[in-house]
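The next block holds one structure in the form of structure tokens; read it before the comments.
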Amino acid sequence: MPVPKIALEEHFVPAGLTELITNPGWPPPVWQRTLDLLIDTERRLEQMDRAGIEKAVLSLGSNGLQDVLPPHDAVALAREVNDALAQVIASHPDRYDGFAALPMLDVDAACGELDRCVDTLGLKGALVNGYSSDGTLERGRYYDDPSYDPLWERFAALGVPLYLHPRNPLPTQRLIYEGREQLLGPTWAFGAETAVHALRMIVGGVFDRVPGLTVILGHLGELLPFAIRRLEQRLSRRADVTLERPASAYLRDNFYLTTSGNYHTPSLIGILLELGADKLMFAADYPFEEIADGADWLDRVPISDTDRRKLASDNATRLLRLG
Ligand code: GRE
Ligand code: ZN
């Protein structure tokens, strides 16, 4: 019997808005099939049943709203996407919840949309797909910028998490992948980009200014749990770093991680040792990964049944205050 699971990085796109999903270089037939699966929120229920996934928390796939220019177009699209998400949830309220998409170039509008999504639509937080393209697709705005502090205050006041989901690096930052484009996207560049973004937020003092902000990272934490000691040691020797806590304390206190697309038992054990069993949650990353890969692994991985239940559903139920 599979352990009952709540899955936290499960992507969708409203039919008619598939241009919001960025092909990381997959062949057209494979990409078309992925888009079809993103739209279809009925067919995936059967797969969820087979894998023991009781509930999927849906979110717009990458790059989502983070490439939509100009900002007021993203504000309008956010309402459209989030209303569509609320409708999907209403069609299967026992099987689906959702994370809002936010128009991050307009911080006031993002605050208002987060309020609306949580208070009115009942969404459980928000998922953003990395930095926001700013003015042109060649420039990005990262979320350590202090102009985002009012938005983080809203997250903290509402008691909901921000899921920082990957995207590819800025076009101007891809030189190191030249001729080795296989390493872009989920192979490697997604994780490296997202890890640096999370570190920008830590080193930029976001969690000192807003200690109540909780960030979720996928893919077993985008390698950060394995690098945090060295980071902390090097940061502690720099006069230009004035953090209130050691770097590992932010990772422990302000972050939750999910298993999306990274089913590696030695890494899992390492994370349980570094962060404990209360900070890791299940995610399948459907339809970019096979649901069964992550679910079968969690059902069998050699950890205690108490920890398995924490990872599968207890931690998500607590963090998202699911009924
Ligand atoms: C993912 O979530 O893994 C993903 C996207 C969009 C494109 C490719 C991809 O959300 O792997
Ligand atoms: Zn994903």
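The values are calculated or read from the model by the stated rules, or taken from the named source; none is laboratory data. What you see is a predicted model; the values in this text were computed from it and never measured. Methodologically, a virtual Cβ is constructed for each residue, glycine included, from the backbone with ideal geometry; neighbour enumeration extends over all protein chains shown.
Annotations
- Annotation: of all residues in segment 63-78 being part of a helix (DSSP H, G or I) and either in contact with a helix residue (DSSP H, G or I) (Cβ under 7 Å, 6 or more places away or on another chain) or touching a residue at least 60 places away in the same chain (Cβ under 8 Å) (or both), the one that is nearest to ligand 1 (Cβ to nearest atom) is GLY64.
- Residue within segment 259-269 that is within 16 Å of ligand 2 (Cβ to nearest atom), over 22 Å from LYS124 (Cβ atoms) and hydroxyl-bearing (Ser, Thr, Tyr) present: yes
- Top-ranked residue of segment 94-106 - restricted to ones that are surrounded by fewer than 19 Cβ atoms within 10 Å (Cβ to Cβ) and in contact with a helix residue (DSSP H, G or I) (Cβ under 9 Å, 6 or more places away or on another chain), ranked as farthest from VAL13 (Cα to Cα): ASP106
- Filtering segment 241-288 to residues that are within 27 Å of ASP305 (Cβ to Cβ) and hydroxyl-bearing (Ser, Thr, Tyr) leaves TYR256, THR258, THR259, SER260, TYR263, THR265, SER267, TYR286.
- Residue tally, condition outside any helix (DSSP H, G or I) and either in contact with a strand residue (DSSP E or B) (Cβ under 8 Å, 6 or more places away or on another chain) or farther than 23 Å from ALA126 by Cα (or both), over segment 297-323: 5
- When we screen GLY294, GLY261 for residues that are modelled with pLDDT of 95 or more, closer than 18 Å to ALA7 by Cβ, assigned to a loop (DSSP other than H, G, I, E, B) and of a type outside the set (Phe, Trp, Tyr), the only hit is GLY261.
- Matching entry among GLU46, GLU42, GLU19 (being closer than 21 Å to HIS165 by Cβ and loosely packed, with under 13 Cβ neighbours inside 10 Å): GLU19
- Members of segment 248-305 that are of a type outside the set (Gly, Ala, Ser), within 14 Å of ligand 1 (Cβ to nearest atom) and under 21 Å from THR317 (Cα atoms): THR258, THR259, ASP285, TYR286, ILE291
- Checked against the criterion of being under 18 Å from the mean Cα position of the chain (by Cα), without any contact (Cβ under 8 Å) to a residue 60 or more places away in the chain and closer than 30 Å to ALA192 by Cβ, the candidates LEU123, LEU85 yield just one match: LEU123.
- Test for GLN182: is it surrounded by fewer than 16 Cβ atoms within 10 Å (Cβ to Cβ) and within 15 Å of ligand 1 (Cβ to nearest atom): yes
- Looking only at segment 49-87, and only at residues there that are within 16 Å of ligand 2 (Cβ to nearest atom) and farther than 20 Å from ARG167 by Cβ, the one that is surrounded by the fewest Cβ atoms within 10 Å (Cβ to Cβ): ILE53
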